[in-house]
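Novice: So that we are looking at the same thing, I have put the structure below in structure tokens.
The values are calculated or read from the model by the stated rules, or taken from the named source; none is laboratory data. Everything numeric here is computed off the predicted structure, so don't read it as measured data. Counting neighbours? That spans all protein chains shown, and the Cβs are built from the backbone with ideal geometry, glycine included. Protein only, heavy atoms only, side chains kept; ligands, DNA and RNA dropped before computing areas. Shrake-Rupley method; radii C 1.70, N 1.55, O 1.52, S 1.80 Å.
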Amino acid sequence: MSNASPFAILLVALSGAFALACLEQAVAGRLPSPAAMARGALGTLREPLAVPQIKDAWLYHGAPVLLLLGAVLALAMVPWAPGFRGLDFGTGAILYSAALAYVTPAIFMAGWGGGRPLAVVGGFRFIALMLAYEMPVVMAVTAAGAPAASLRPAEIVDIQHAVPMALAQPLAFALFVPAVMAICFIRPFDLPQAPGELGGGAFSSYTGVHAGIVSLAQRVLVLGAAGMTAALFLGGWHGPLLPDAVWMALKTAAVAAAMLWAGRRLPRAELPWLVSATWKYAIPAAILAIVWAGLITVVFYR
Amino acid sequence: MVVGEHPRRRRSQALTPALIVPDELAWTMWGRDPRGSGFAAAPGPEAARQLILPERVPEPVASATAEAFVRMPPPRRYSVWPAGVGGVPADELFGDATGEGGHSDASHGHDGREGDHGGHDEHDARARGEHDHHDMMAIVGEASADGLVMEAIEFELGPLASGFPGGLVIELSLDGDVVERCEPRATLETSPEHRMRGAAPDPLAPSAWAMSVALARQRAAGAPPAEAALRLWIAALESERALSHAAWLRAFGLVLGWERLVELAQSGITALMRPRAVLLGAAASSRLADGARADVVSMLDTALPAVERLSSGMTGSRSLRARTAGRASVSWEQVQGARLGGPAARAAGIEHDARLGDPLYEALGYQPELEADGDAHARTLVRAREARASVELARDAVVEIGEEASATERHEAASAVTVEGPRGPLRALAVDGDGGASGGLEVLVASPGSRELLELAGASVVDLELGTALAGIASFDLSPWTVAP
């Protein structure tokens, strides 16, 4: 039974996205300036809607909206505290990856609706990759859920009261984090937009409000990814002294900061390498992770 | 006109994304680093908040700029910076750019064509479709690399493509996302009239061209330059090489999507801007006061650690190797056959450098940086190491000015002057001409191997995935300026 209203989830999404923008600045070594960012956001909203000559208006306008919807839905699966567990479905962990599946059509719609060759290339790059990302995510989630005998994120958090899943299942953790970063198409997995290579790629034709929604959606995705990592693998809200929600926030922030930092340190992943590495190594490793999860469940968790 | 480095913005301020015409590297070489003024290259016009352009914009970049300007989100701000290149005056570009209306008619005829990434995709697709509209399912034509008959995606990247030099146009034909055909073209040229007035044939290497032209003039006039003057030229040339390679590394970092490389390169660029500006002015006037000399030496000493970090960061980097090794290779035979010079040749193992055999360089302890593989990784390493070596060479050259000239006999075999520029050898020959500037001498210039380099670069990326291919093209450090002999 959900104990979070949609408005609360939206509030988490918006404030979290804002906090993430500040975190991006901090990781880049700059003092975050919330005032400047707020002014920038308001300026973006006031810009007149500039629409290029497009043939597929539904795709062009629908893509950012679908992206945001998918991102918020994914975020809604993340449990933040025992009293605020998001939508709290029994299969919440898998529903998280199901919600992330909306990112693929959204990006392709953006690329196709943009109508430029490079935008289309950005779109179908992501389709080629998403299959490769989705499987490690789902399998890692299954592996994390095995000891808890449940896919309810709150129960997976509860089972980590002694040992975080990252220590108990390092392989699943090592697979989950890059895969979920890649679904959020942040550096070093920013292949659909690839600034400097595809010149903005799938999102190159968006300005103003559209671009604002796309970047908001991406931040919400990263927030959800960091939150889910903290919940499934880092023990969620468990921790001494501080209140539950604070621990969850700290862990989420730490994971997000690590993701952003890694994005700055590494060059963009190359498409052929990424596809082959995922299909040849990550997916077999994910199967191994499930086997490992089964073993430790039988040995330790029963 | 060389402007000194501008005061750095506070680190707390983010860089404004701007459409920089022609590109960041060009402005860095012209003495004004956009990042130092708070602007970073935006991925495309839609993401740009400002347009930066020179007083005169060379064609065809000018028309691309006008088209890109309309695609920028309002309010469209632009600022004009001074630069010594010829072309269309900046204010003429925006005559009728009052909004979408004025340009949508023009762009309607070019369905999908863009100034930034010109797309002929829809034209080609329709043209081919008309051939078989009686059978919608069949696509006739030649089989692509994997045996299926596919519609190729054909488009042009440039002349204002992000990550690439402004003025470079790359024609691409893609089979899906694999490159079938790639033809880079350098579309900019300095007119002979401008060259008469002293403009460099390739404004991306002003010191190198100034040096070759000045030495050619002196040689034709029969007055060999003094050692001190030559050392000043060497210092200016080497500091420019270091700056050019650092600026290229920054652009390469943008193409690779590698923020760390961009930052490393930027610290090198910031440190090198001022000493290079001082040395260029000093070499052109053949004078460097003692106080200024000490200043330059200390500036180069400060720059050395930053460039050292850049160079060692690239040399040891596994990420760089993973991303660039084995891509866009040119073999030793191809380089020999095309008679290439510059870092591309040295990366293939060919010791082709105009600095070899020069007694002054030998006295400075110059050694060419060589690699064997001829791929993008090798070219990157060669340039990173050359940047570092050049800072030391420049510093030592300045320190040794005024020291006892070594009794070397400068053997002037040919009358053409060859200078090793950042991208390859530059050649200048002063002949008697009628009319023109100083002394009735006409200077013939040539950049041997630059056209062949463009062809080789295009050929080397066939059958690579698009992103890999673009990084491969970027690794050649192509100049968008053609030097007409």
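Novice: Looking at B:Gly281, B:Gly313 in this structure, which one is open to solvent by less than 50 Å² (accessible area, probe 1.4 Å), in a helix (DSSP H, G or I) and within 14 Å of chain A (Cβ to nearest Cβ)?
Specialist: After ruling out the rest, the residue left standing is B:Gly313.
Novice: Give the residue, chosen from B:Arg339, B:Arg323, B:Arg318, that is within 30 Å of A:Gly199 (Cα to Cα), of a type in the set (Lys, Arg) and surrounded by fewer than 16 Cβ atoms within 10 Å (Cβ to Cβ).
Specialist: On the way: B:Arg339 fails: within 30 Å of A:Gly199 (Cα to Cα); B:Arg323 fails: surrounded by fewer than 16 Cβ atoms within 10 Å (Cβ to Cβ).
Result: B:Arg318 is the single residue among B:Arg339, B:Arg323, B:Arg318 that is within 30 Å of A:Gly199 (Cα to Cα), of a type in the set (Lys, Arg) and surrounded by fewer than 16 Cβ atoms within 10 Å (Cβ to Cβ).
Novice: Looking only at the stretch B:398-457, how many residues end up being modelled with pLDDT of 85 or more and hydroxyl-bearing (Ser, Thr, Tyr)?
Specialist: Counting residues in the stretch B:398-457 that are modelled with pLDDT of 85 or more and hydroxyl-bearing (Ser, Thr, Tyr) gives 3.
Novice: Which residue out of A:Arg116, A:Arg125 is touching a His at 6+ places or on another chain (Cβ under 9 Å) and in contact (Cβ under 8 Å) with a residue 24 or more places away in the chain?
Specialist: Working: A:Arg125 fails: touching a His at 6+ places or on another chain (Cβ under 9 Å).
After applying the criteria, what remains is A:Arg116.
Novice: From the list A:Ala168, A:Ala148, pick out the single residue that is in contact with an Asp or Glu (Cβ under 7 Å, 6 or more places away or on another chain) and of a type in the set (A, V, I, L, M, F, W, C).
Specialist: A:Ala148
Novice: Can you tell me which residue among B:Glu156, B:Glu171, B:Glu183 is modelled with pLDDT of 90 or more, acidic (Asp, Glu), under 18 Å from the mean Cα position of the chain (by Cα) and closer than 30 Å to B:Ala328 by Cα?
Specialist: B:Glu183
Matching residues to (1) surrounded by fewer than 22 Cβ atoms within 10 Å (Cβ to Cβ); (2) out of contact with any helix residue (DSSP H, G or I) (no Cβ under 7 Å at 6 or more places or on another chain); (3) assigned to a helix (DSSP H, G or I); (4) more than 14 Å from chain B (Cβ to nearest Cβ):
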{"residue": "A:Gln25", "(1), (2), (3), (4)": "yes, yes, yes, no"}
{"residue": "A:Ala36", "(1), (2), (3), (4)": "yes, yes, yes, no"}
{"residue": "A:Gly40", "(1), (2), (3), (4)": "yes, yes, yes, no"}
{"residue": "A:Ile54", "(1), (2), (3), (4)": "yes, no, no, no"}
{"residue": "A:Leu59", "(1), (2), (3), (4)": "yes, no, yes, yes"}
{"residue": "A:Leu69", "(1), (2), (3), (4)": "yes, yes, yes, yes"}
{"residue": "A:Leu73", "(1), (2), (3), (4)": "yes, no, yes, yes"}
{"residue": "A:Ala93", "(1), (2), (3), (4)": "no, no, yes, yes"}
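Novice: Does A:Leu68 satisfy the condition of being farther than 21 Å from A:Ala110 by Cα and under 22 Å from the mean Cα position of the chain (by Cα)?
Specialist: The answer is no for A:Leu68.
Novice: In the stretch B:286-304, how many are open to solvent by 20 Å² or more (accessible area, probe 1.4 Å) and either touching a residue at least 40 places away in the same chain (Cβ under 8 Å) or touching a Leu at 6+ places or on another chain (Cβ under 9 Å) (or both)?
Specialist: Result for the stretch B:286-304: 8.
Novice: Quick check on the stretch A:256-265. Is at least one of its residues under 14 Å from A:Pro82 (Cβ atoms) and of a type outside the set (Gly, Ala, Ser)?
Specialist: Taking every residue of the stretch A:256-265 in turn, none turns out to be under 14 Å from A:Pro82 (Cβ atoms) and of a type outside the set (Gly, Ala, Ser).
Novice: Which numbered condition trips up B:Arg8, out of (1) within 14 Å of chain A (Cβ to nearest Cβ); (2) more than 21 Å from A:Pro52 (Cβ to Cβ); (3) at pLDDT below 90; (4) part of a helix (DSSP H, G or I)?
Specialist: (4)
Novice: Out of everything in the stretch A:106-142 that is of a type in the set (Gly, Ala, Ser) and within 19 Å of the chain's Cα centre (by Cα), what residue ends up being most open to solvent (accessible area, probe 1.4 Å)?
Specialist: A:Ala128
Novice: Which one of A:Lys280, A:Lys251 is in contact with a Leu (Cβ under 8 Å, 6 or more places away or on another chain) and charged (D, E, K, R)?
Specialist: Selected residue: A:Lys251, the only one of A:Lys280, A:Lys251 that is in contact with a Leu (Cβ under 8 Å, 6 or more places away or on another chain) and charged (D, E, K, R).
Novice: Consider only pairs whose beta carbons are under 6 Å apart and that are at least six residues apart or on different chains; among these, list those whose first residue lies in the stretch B:464-485 and is within 14 Å of another protein chain (Cβ to nearest Cβ) and whose second residue is of a type in the set (Gly, Ala, Ser) and assigned to a helix (DSSP H, G or I).
Specialist: Once the first residue is within 14 Å of another protein chain (Cβ to nearest Cβ) and sits in the stretch B:464-485, its partners that are of a type in the set (Gly, Ala, Ser) and assigned to a helix (DSSP H, G or I) give B:Gly472/B:Ala376; B:Ile473/B:Ala457; B:Ser475/B:Ala376.
Let's see how each residue does on (1) closer than 25 Å to B:Leu264 by Cα; (2) open to solvent by less than 10 Å² (accessible area, probe 1.4 Å); (3) assigned to a loop (DSSP other than H, G, I, E, B):
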site	(1), (2), (3)
B:Arg327	yes, no, yes
B:Glu333	no, no, no
B:His352	no, no, yes
B:Glu371	yes, no, yes
B:Thr380	yes, yes, no
B:Glu386	yes, yes, no
